[in-house]
Amino acid sequence: MSMIQSVYIHIPFCNRICHYCDFPKMLYQKKWIHNYLNALDTEIKTYYQNEKMKTIYIGGGTPTVLELEEFHQLLKIIDQFQKEKKYEYTIECNVESLTEDKIKYMKKYGVNRISIGVETFHSHHLKTINRMHTKQQVIDTIQLLKKYNFDNINIDLIYALPNETLSEVMMDIESFLQLKIPHLSTYSLMIEPHTTFYLQKQLPVAEEIDAFMYQAICQRLKQHGYIHYEISNFAQPGYASQHNLTYWNNEPYYGFGLGASGYIKEIRYTNTKSFTHYCNHQYRFEQETMTTRTKMENEMILGLRKREGINRNIFYKKYGQTIESVFPIQTLLEQGKLEAKQDWIFIPEDQIYRSNDILIEFIQ
Ligand SMILES: C[S@@+](CC[C@H](N)C(=O)[O-])C[C@H]1O[C@@H](n2cnc3c(N)ncnc32)[C@H](O)[C@@H]1O
Ligand code: SF4
């Protein structure tokens, strides 16, 4: 197994809870931060083997809700990771809590990629999902980031929100294009159990409408030179998220923090979502040792999320078997669910919105 060169760190605090969100998160309370950061530091010191990292990703939750000195402490904890000469270091932010002082600290500690949860630019939809910011705040924040030479910026958008029209979705894409930033993640709204939307009995839009919105988004971004490199991700050349590619390439990574998952030495694990357990240093919740079969399944399920798909030679090098000898590739190619070009196997463009149905075929 290749060396670990990526780390995900989870910061589970938010200032308010979005109606769609099922991630490990809780409302920010000052009294809990000190204990959490201490537990996180100990977890890292227990497991980290001093490898040089190519990618560091601090996600949440909303890492920037930490107050300035708490945020500084977090950056100091993360500073114990060695870095390769060329590395990507991302922090997830929201525009309400990202201040100029925090930006200065990020610069000082070598952060070089910013991901902002915007979700929509329409104030009435922001209200529906229980978010507070405005479009102007997004524009101002990005301008401020550019002033400090942060050019590798992503925003997250969600489409197919309750009662959202296609023209509103497309207006969001235009607003994104006007920001002149190199990366967009865009997800169709999922109604997850335990969320307010679920309790409100919100229904997802019809599959055909979802597919139609998705195709319109893909087309518009392509016209503007964005490469559609993964189901939900678009980047200008050279700006694909190296950290997320670690996941999709089925490579190992550390996961630290509440509810985080990781993949170390053949073991995939998930941390506890209990704040009390976590702060008592009972980190791991469950773990599974990967067999060759489960590794190969993951290779397919994760790899086919990338538009370029899976490389036959890399697969053979990793597992000593051809893809065809393990999975019913021929049938899927004949059904038009997969396509092959040179050494690559991928999901054809007109099938991407059905990806989940196709990926299921690889699980025994
Ligand atoms: C867990 S959030 C972390 C980012 C940060 N907390 C924020 O929201 O500003 C990562 C992204 O996942 C997406 N997301 C989370 N829950 C979702 C859902 N139920 N349906 C669609 N997208 C979702 C949102 O776009 C969100 O920005
Ligand atoms: S989407 Fe982000 S800001 Fe909203 S509740 Fe989830 S983690 Fe917090």
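A few remarks follow.
- Cα gyration tensor shape for the stretch 237-364, rounded if a/c is under 1.5, else prolate or oblate: prolate
- Loop GluC sites (Glu not before Pro), the stretch 187-278 (other Cβ atoms within 10 Å of the site Cβ: 15 or fewer; DSSP): E266
- Between G59, G257, G320, the GNM of the chain built on Cα springs shorter than 10 angstrom shows G320 fluctuating the most.
- Shape of the stretch 6-248, Cα gyration tensor, a/c cut at 1.5: prolate
- Charged-residue dipole, Cβ positions (Lys, Arg, Asp, Glu), the stretch 6-248 about Cα centre, Debye nearest 20: 760 debye
- This ranking places V326, V118 by how few other beta-carbon atoms lie within 10 Å of each, fewest first, which gives V326, V118.
- Compared with the alpha-carbon gap, the fully stretched path from Q143 to Q215 is longer by 23.0 nm at 0.36 nm per residue.
- Normalised by the number of residues in the chain, the average gap of Cα pairs under 8 Å and 6 or more apart makes the relative contact order 16 percent.
- Order of L37, L27, L203 under a 10 Å beta carbon neighbour criterion, fewest first: L203, L27, L37
- In the chain, the DSSP beta bridges split such that about 40 percent are antiparallel, to the nearest 5.
- Counting only DSSP beta bridges whose two residues both lie in the stretch 123-252, roughly 50 percent are antiparallel.
- Most positive-pole-ward Cα, M132, I103, I181, against dipole of the stretch 92-224 from beta carbon charges: I103
None of the figures in this text is laboratory data; all of them are computed from the coordinates on show. Note that the structure is predicted; figures quoted are calculated from it, not measured. Because the Cβ atoms are built from the backbone with ideal geometry, glycine has one as well, and the counts that use them run over all protein chains shown.
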